[in-house]
Amino acid sequence: MKKVIGITAGIAALAGLLFGYDTGVISGAILYIKDQFRLSSGAVESVVSAVLLGAVFGAAFSGSLADRFGRKKVLMVTAILFTIGAIGASLSINIPIMIAFRVIIGVAIGVASYTAPLYISEISPPESRGALVSLNQLMITCGIVVAYLVDLALTIGDNGWRWMFGLGALPAIVLMAGMMSLSESPRWLVGQNRIEDARKALGRIMDKHRIEGEIKEIQKSLTIKTGSWKNVLEPWVRPALVIGIVLAFFQQATGINTIIYYAPTIFEFAGFGSHKVSILATVGVGTVNVLMTVVAIWFIDRLGRKPLLYIGLIGMTLSLGLLGLAFYLPGMMSALKMLTVLCVLFYIASFAISLGPIFWLIISEIYPLRVRGRAMSLATLSNWLFNMLVASTFLTLTEKLGKAGAFWFYAVVCVAGLVFCYLYVPETKGRTLENIEDFLRKNKGLRAFGRM
Ligand code: BGC
């Protein structure tokens, strides 16, 4: 692989880093914002979920924007929105203004979560596409841990949260400058009939003698007309559609972002007194998330997707069960702090080797070429919708069901997820995308797809 492809993918994946940073940074910031503005649980949930509302919106339009204006321009506009949002949120004088700027950041995240992997996959040679798609998830987890570290470094009094938000502008500016120096996706250029530009773009990422062949290949694939929404709903595509949406549900409803956004809050529930110590424990959570994502990338093509999903979901069920127990048994109070940290670490490790990367990977593999763009954006949109639902109800759930009840609730969802994966999720390891598409065309239904 040419070095320039790595650099290009690395720059585009800064969008993943921003996705992670801007969703993770809230966990520490919220402790201060809550104190300073005396927020109720409901108001806290609104501040946290504002980004998600924007992301739902952004994801809904991402497909058509990226097709109309090109991947490069869209990512550049995204970088501008990230910058405006970060600076605006850091200067907010009240909660409505803060929410408005966090919604703007959310729109950027929603658009980027679809466009960046798309751009990366279009500039990558087939032999390294899988690793480069997962690079995006790795960058998300890195963004989260950077946010936690920034949160930790800025536990400096009441206004630290302003810097936590504001620093998000830096990677956004780097993304903007970096994208300016990159070429547009050759695939999109060919689609626009800008063949000369496509030649130039390809010249930067591959050897000269491969260029004409590559242009022919792209032209050939473009003769397959892009399907409409009606095609997405055709019966033979349905199993894949169901898998994408239901996996999005399980990725979110098993509670990952209650940990990512609220880990310090959970540690304070468990009796950690200072904001600083809670955020420190959270840095541990972010680090385990990154490391286990690397482990997942290593195993994903060796062990396969399904075994990792089983291991991960069993681990998540056990850790959530135990976490609930820690909050349930008063006798365990003194041991509670350590036990909570261990459970949360075990939980995050289990997520990071399974549902974390595998959801994004599977939705890039199972859809027939003609409807891939639309179906992927639908799965992405569902992911953000479920994310918002969970983040905006977590604190209320802990008030209604009790803390133990809330974690047990997510544990039950994990068990349902395990059964779903066992029955219906196909093993895509080692299969070509055409092979998966052929299988779907035989239209044998959801259950058969799971046994593929
Ligand atoms: C999920 C995010 C989550 C992150 C944690 C991603 O795959 O989509 O919602 O915050 O993983 O690492």
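The values are calculated or read from the model by the stated rules, or taken from the named source; none is laboratory data. Keep in mind the model is a prediction, meaning the values are calculated, not measured. Virtual Cβ from ideal backbone geometry, glycine too; neighbours counted across all protein chains shown. Keep in mind that these areas ignore ligands, DNA and RNA; they rest on the heavy atoms of the full protein, side chains included. Shrake-Rupley method; radii C 1.70, N 1.55, O 1.52, S 1.80 Å.
Could you tell me whether residue 398 is within 29 Å of residue 52 (Cβ to Cβ), of a type in the set (S, T, N, Q) and not in a helix (DSSP H, G or I)? It is false that residue 398 is within 29 Å of residue 52 (Cβ to Cβ), of a type in the set (S, T, N, Q) and not in a helix (DSSP H, G or I).
Has region 351-367 got at least one residue that is out of contact with any Lys or Arg (no Cβ under 6 Å at 6 or more places or on another chain) and farther than 25 Å from residue 294 by Cα? So far as region 351-367 goes, yes, one or more of its residues are out of contact with any Lys or Arg (no Cβ under 6 Å at 6 or more places or on another chain) and farther than 25 Å from residue 294 by Cα.
Table: residues versus (1) open to solvent by less than 10 Å² (accessible area, probe 1.4 Å); (2) part of a helix (DSSP H, G or I); (3) polar (S, T, N, Q).
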| residue | (1), (2), (3) |
| --- | --- |
| 39 | no, no, no |
| 75 | yes, yes, no |
| 78 | yes, yes, yes |
| 83 | no, yes, yes |
| 100 | no, yes, no |
| 119 | yes, yes, no |
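Of the numbered criteria (1) more than 25 Å from residue 111 (Cβ to Cβ); (2) of a type outside the set (Ser, Thr, Tyr); (3) more than 22 Å from the chain's Cα centre (by Cα), the one residue 344 fails is (3). With the requirement that a residue be surrounded by 15 or more Cβ atoms within 10 Å (Cβ to Cβ), in contact with a helix residue (DSSP H, G or I) (Cβ under 7 Å, 6 or more places away or on another chain) and not in a loop (DSSP other than H, G, I, E, B), what does region 416-436 give you? Within region 416-436, 417, 418, 420, 421, 424 meet the criteria. Take the conditions (1) modelled with pLDDT under 90; (2) surrounded by fewer than 23 Cβ atoms within 10 Å (Cβ to Cβ); (3) more than 14 Å from the ligand (Cβ to nearest atom); (4) among the hydrophobic types (A, V, I, L, M, F, W, C); residue 300 misses just one of them, which is (3). Surrounded by 15 or more Cβ atoms within 10 Å (Cβ to Cβ) and farther than 30 Å from residue 385 by Cβ, is that true of residue 184? So residue 184 fits the description; yes. I'd like to verify a number: residues in region 156-177 that are part of a loop (DSSP other than H, G, I, E, B) and either touching a Leu at 6+ places or on another chain (Cβ under 8 Å) or of a type outside the set (S, T, N, Q) (or both), how many? Summing the residues that are part of a loop (DSSP other than H, G, I, E, B) and either touching a Leu at 6+ places or on another chain (Cβ under 8 Å) or of a type outside the set (S, T, N, Q) (or both) in region 156-177 gives 5. Being part of a helix (DSSP H, G or I), open to solvent by less than 20 Å² (accessible area, probe 1.4 Å), within 16 Å of the ligand (Cβ to nearest atom) and touching a Pro at 6+ places or on another chain (Cβ under 9 Å) holds for only one residue in 28, 58, and it is 28. Tell me, please, whether a residue that is modelled with pLDDT of 95 or more and either among the aliphatic types (A, V, I, L, M) or more than 18 Å from residue 416 (Cβ to Cβ) (or both) can be found in region 256-276. Within region 256-276, one or more residues are modelled with pLDDT of 95 or more and either among the aliphatic types (A, V, I, L, M) or more than 18 Å from residue 416 (Cβ to Cβ) (or both).
Would you confirm whether or not region 321-339 contains a residue that is of a type outside the set (Phe, Trp, Tyr), open to solvent by 50 Å² or more (accessible area, probe 1.4 Å), within 14 Å of the ligand (Cβ to nearest atom) and in contact (Cβ under 8 Å) with a residue 12 or more places away in the chain? Within region 321-339, none of the residues are of a type outside the set (Phe, Trp, Tyr), open to solvent by 50 Å² or more (accessible area, probe 1.4 Å), within 14 Å of the ligand (Cβ to nearest atom) and in contact (Cβ under 8 Å) with a residue 12 or more places away in the chain.
Among what's in region 341-371 and is surrounded by 22 or more Cβ atoms within 10 Å (Cβ to Cβ) and free of Cβ contacts under 8 Å to residues at least 60 places away in the same chain, pick the residue that is farthest from the ligand (Cβ to nearest atom). The residue in question is 343.
Table: residues versus (1) within 26 Å of residue 187 (Cα to Cα); (2) open to solvent by less than 10 Å² (accessible area, probe 1.4 Å); (3) among the hydroxyl-bearing types (Ser, Thr, Tyr).
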residue	(1), (2), (3)
24	no, yes, no
32	no, no, yes
50	no, yes, no
53	no, no, no
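For every residue, the table says whether it meets (1) surrounded by fewer than 24 Cβ atoms within 10 Å (Cβ to Cβ); (2) under 21 Å from residue 10 (Cα atoms); (3) in contact with a helix residue (DSSP H, G or I) (Cβ under 9 Å, 6 or more places away or on another chain).
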site: 123; (1), (2), (3): no, yes, yes
site: 132; (1), (2), (3): yes, yes, yes
site: 143; (1), (2), (3): no, yes, yes
site: 148; (1), (2), (3): no, no, yes
site: 155; (1), (2), (3): yes, no, yes
site: 159; (1), (2), (3): yes, no, yes
site: 166; (1), (2), (3): yes, no, yes
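When residues of region 202-220 are filtered for being closer than 30 Å to residue 81 by Cα, open to solvent by less than 80 Å² (accessible area, probe 1.4 Å) and in contact (Cβ under 8 Å) with a residue 60 or more places away in the chain, how many remain? Here the count works out to 1.
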